[in-house]
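Encoded as structure tokens, the structure appears first; notes follow it.
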Amino acid sequence: MAIKDTPQEWQVTESVTPFEGAKTSVRTDSVVMPDGSVAGRDYQVHPGSVAVLALDDQGRVAVLSQYRHPVRRKLWEIPAGLLDVPGENPLHAAQRELYEEAHIKAGDWRVLTDVYTSPGGSDEAVRIFLARDLSEAEGERYEVLDEEADMEHARVPLAELVKGVLAGELQNNCMVVGVLALAAATAGEGLDALRPAEAPWPARPF
């Protein structure tokens, strides 16, 4: 038996959107269960995101800290952002986020992993890229606003980040998944065995 996620869609008898925000909304679906009953399911409708684990030639990962109001914490994260344009190529979005948040460009890109952040309550899908062959981006730094204006930047050895994740000291979803996926890939078939940067992404076709 192959252990892999498969597409499936249960019948929806009614769908309403009680809240619609600037980037996301909340939808309530009435879904037919296997026993024939109908249950309400509320979830966030999300455009999708990309994140970048940027690894330099010294084995350090580019990270940043940012205040996240819903959890009332300043979290260490990897560069990430929304897929703002429908159908946007996720690689292009990832390159943009790496430039805007870290002023870095990369010569080698791979897909590290794909993840649904909270599939019981959101349809958000995130593609996490591995970026290598790093150099400073050209030109002036991107002008940041709001929470991003308070960012701190660092480059941290992968082993130190793994320790922080397992100790519960680093809790950002993309940071945790990206760091552990990179450690697993390094210990396994190697980074060159990762999927190419333009690999299909059924959750967010482009």
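Quick note: the coordinates plus some simple rules give every number you see, no bench work behind them. This is a predicted model, so every value here is computed, not measured. As a convention, Cβ positions derive from the backbone with ideal geometry for all residues, glycine included, and neighbour counts pool all protein chains shown.
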> For Q44, are the conditions met, namely being buried (at least 16 other Cβ atoms within 10 Å of the Cβ), in contact (Cβ under 8 Å) with a residue 12 or more places away in the chain and out of contact with any His (no Cβ under 8 Å at 6 or more places or on another chain)?
Replying inline: yes
>> Give me the residue from the stretch 1-36 that is closer than 23 Å to W201 by Cβ and of a type in the set (G, A, S) and, out of that set, surrounded by the fewest Cβ atoms within 10 Å (Cβ to Cβ).
In response: A2
>> Kindly evaluate I78 against the criterion of being without any contact (Cβ under 8 Å) to a residue 12 or more places away in the chain and within 23 Å of V176 (Cβ to Cβ).
In response: no
